[in-house]
1. Of all residues in segment B:251-275, how many are over 20 Å from residue A:247 (Cα atoms) and more than 7 Å from chain A (Cβ to nearest Cβ)?
2. Sort out for me the helices (runs of 4 or more DSSP H) sitting completely within segment A:35-136 that have 1 or more residues that are under 29 Å from residue A:237 (Cα atoms).
3. Going by the structure shown, is residue A:247 surrounded by fewer than 21 Cβ atoms within 10 Å (Cβ to Cβ), at negative phi and among the aromatic types (Phe, Trp, Tyr)?
4. Considering only segment B:266-314, state which residues are among the hydroxyl-bearing types (Ser, Thr, Tyr), out of contact with any Gly (no Cβ under 7 Å at 6 or more places or on another chain) and over 14 Å from residue B:248 (Cα atoms).
5. Among the candidates A:74, A:61, A:49, A:95, single out the residue that is within 20 Å of residue A:128 (Cβ to Cβ) and of a type in the set (S, T, N, Q).
6. Which condition does residue A:188 not pass, out of (1) outside any loop (DSSP other than H, G, I, E, B); (2) crowded, with 24+ Cβ neighbours inside 10 Å; (3) within 14 Å of another protein chain (Cβ to nearest Cβ), if it passes all the others?
7. I'm trying to understand the selection: among the residues of segment B:217-242, which are at the interface with chain A (Cβ under 10 Å from one of its Cβ atoms) and surrounded by fewer than 24 Cβ atoms within 10 Å (Cβ to Cβ)?
8. I'd like the residue in segment B:248-262 that is of a type in the set (A, V, I, L, M) and assigned to a loop (DSSP other than H, G, I, E, B) and, out of all such residues, is surrounded by the fewest Cβ atoms within 10 Å (Cβ to Cβ).
Amino acid sequence: MMNQNQKLISVRNLKKYFPLKVSWLKIFKERPYVRAVDDLSFEIKYGETLGLVGESGSGKTTVGRTLVRLENPTGGQILFEDVDLAKLFGESLRTKRKDFQMIFQDPMASLNPYMRIGNAIEHPLKIHKMGNKAERKIRVYEILEKVGLPPEEFYNRFPRHLSGGQRQRVVIARAMVTNPKFVVADEVTAMLDVSIRSQILKLLIDMKNEFGLTYLFITHDLASAKYICDKIAVIYLGKIIEIAKTYDIFKEPLHPYTKILIASVPVPDPKMKKKKFIPSGEIPSPINIPSGCRFHPRCPYAMEICAKVEPELKEINGRTVACHLYD
Amino acid sequence: MSLLEARDLSIEYLTRDGNLKAVENVSFSLGFHETLGLVGESGCGKSTIGLSLLRILPINARMKGKILYKEKDIAILPEEEIRSLRGKEISMIFQDPMTSLDPIMRIKNQFFETFRAHFQKMKEEEMIKISSDVLKSIGIDPSRLENYPFEFSGGMRQRVMIALAIVLNPSLLIADEPTTSLDVVVQLQIMEVLKELKDKRNMSMVLITHDLGLVAEIVDKVGIMYAGNLVEFGDVNSIYENPLHPYTRLLLISIPNVKLEDMELKYIKGNLPSLKSPPAGCKFHPRCPFVMDVCTKEDPPTFEINERKVKCWLYEGEHDESKSETNIG
């Protein structure tokens, strides 16, 4: 049943627009939208980890939230095995939810401060009516053990008694307790201390190997994506601009933006005082998206065509990139 | 003479559940036109040290030891004198520029406020001229003096913060996690601005951060902090090339990098200690791979090895002189 080369998720032309508030005087004009996710397509195979990398405002979190249907897509398909999640609503969506879970950035905000750790992890099992009371408790003990929190010690504690790293472990346990097939991990290490970050990455890798999971790993940090992802998609203003195997993307980044992202990872070596290329400006607002290639106002290689024609994401010599440089 | 020197600095916070030792017996010095990186994780006391340098600690903080700035002890300076130092001699930028700028005040007026705190009779034209020049020098168009903070992007806001901090040309700038809330590319832009301040304005800086990678390029000296202790202190090249303290070593190899030959994930086991009930002996011992018997019982003194300081029992006997407590100053 589980074939390594089969797709678990295939996203086709996914769009998510958020309408802006407008004064009622202007209601007959065209309504402005924040185009957070703009016509995105990608696939994730069984057991694969896809990294979605971008700066804040790139739409990476919206992609994750839409995939697990915390947001309703404006358009497009989300094929999960053979079911289009974009078309599911109500009870049928709710029962499906045990197959896909999401882990958020801030472990304090994602745990109820008045709920004991054990109950918090048991909660998804109750919602999906899985097992009786005794079975559920066994399952919670099992999963606590797996995430490295001794159950006897942690079952009855409250989130406030835990450190940031331990809380993130609880959140991971809660996401894994229903035995999902697919997990979206959204900036799971961003709020953690440097010495704890790699521990949590290691835990995610271990959990994946143990349960045969498939991940969408959302991050702004290309360096940590390197250790966990099989493939990396770079997203800029709601569009994927390059997607490649992790090795290829670090070996030879094609898109100028990918190059910049890799070059901006700080190197812990005082002798590396090389003059780096630093692009000017910041990511533009997704309300007024630049014409042509979205990256052209910041791109050091911008040509005339870049301002006019939006490059398509296409395959060139076995690599997939959206840039006129490779036409 | 050094510009700044901390001697046996200890800071405690009084709380309802007992006293919290945020900083313990920290000593370091910073020369003129030098940059010091104070590196550590949350709760290590790095920000507390930053605040103590301007004497803006919360009221429940109790400070012991000396902070000498140009040979004046900041810890005991009268309030009036310290106020004349703040902003003019020593100034500070914080992590989150949105909460540090006044949201309902034009940028212009925030500059005026800074000037007026020190020069009551300064003319408006003069203030505008100086602020415009400073803004221009760090890449913001002077016409934006009329704008409010919300009209700036995150990176621009941090630039405004920096401009405000340096407008009176202080000798010492303290930057507490100046790029943490920014995107990677913008982070690099801000680091470039700071580097220019260092090179062109000859400003001394204390850069407080959790990111060993980020400070490598800009600082001259590095202090590594763990749970309120300065565990290692020395010149930047020697620390990155040959880290002495096990914590520094582990921290350096656990930074994710973009090198393809390095695909193994390395990390430090265990959690950060609680400051309310820190472990006995060396505070790093529960996580240390080189832990010895003595580490669990006695807090190590600071050993000095070739102008470097390290607070670790592994170096007992290797130091040139006796404990640093006795040979400072």
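Coordinate-derived values only; no laboratory data. Computed from a prediction, not measured in an experiment: that's the story for all the values here. Neighbour counts are summed over all protein chains in view; Cβ atoms, including those assigned to glycine, are modelled from backbone coordinates with ideal geometry.
1. 6
2. Details: elements: A:60-67, A:90-96, A:117-127.
Here the list reads A:60-67, A:90-96.
3. On the way: surrounded by fewer than 21 Cβ atoms within 10 Å (Cβ to Cβ): yes; at negative phi: yes; among the aromatic types (Phe, Trp, Tyr): yes.
In short, yes.
4. In the first step, residues of segment B:266-314 are kept if they are among the hydroxyl-bearing types (Ser, Thr, Tyr); the result is B:267, B:274, B:277, B:296, B:302.
From what's left, out of contact with any Gly (no Cβ under 7 Å at 6 or more places or on another chain): B:267, B:274, B:277, B:302.
Matches in segment B:266-314: B:274, B:277, B:302.
5. Values: A:74 fails: within 20 Å of residue A:128 (Cβ to Cβ); A:61 fails: within 20 Å of residue A:128 (Cβ to Cβ); A:49 fails: within 20 Å of residue A:128 (Cβ to Cβ).
One residue alone meets the criteria, A:95.
6. Status for residue A:188: all satisfied but (1).
7. Going residue by residue through segment B:217-242, those that are at the interface with chain A (Cβ under 10 Å from one of its Cβ atoms) are B:217-220, B:222, B:226, B:235-241.
Residues satisfying the conditions are B:217, B:218, B:220, B:235, B:236, B:237, B:238, B:240, B:241.
8. We begin by selecting, within segment B:248-262, every residue of a type in the set (A, V, I, L, M); these are B:250-253, B:255, B:258, B:260.
Next, only the ones that are assigned to a loop (DSSP other than H, G, I, E, B) stay: B:255, B:258, B:260.
Details: B:255: 21, B:258: 19, B:260: 11.
My answer is B:260.
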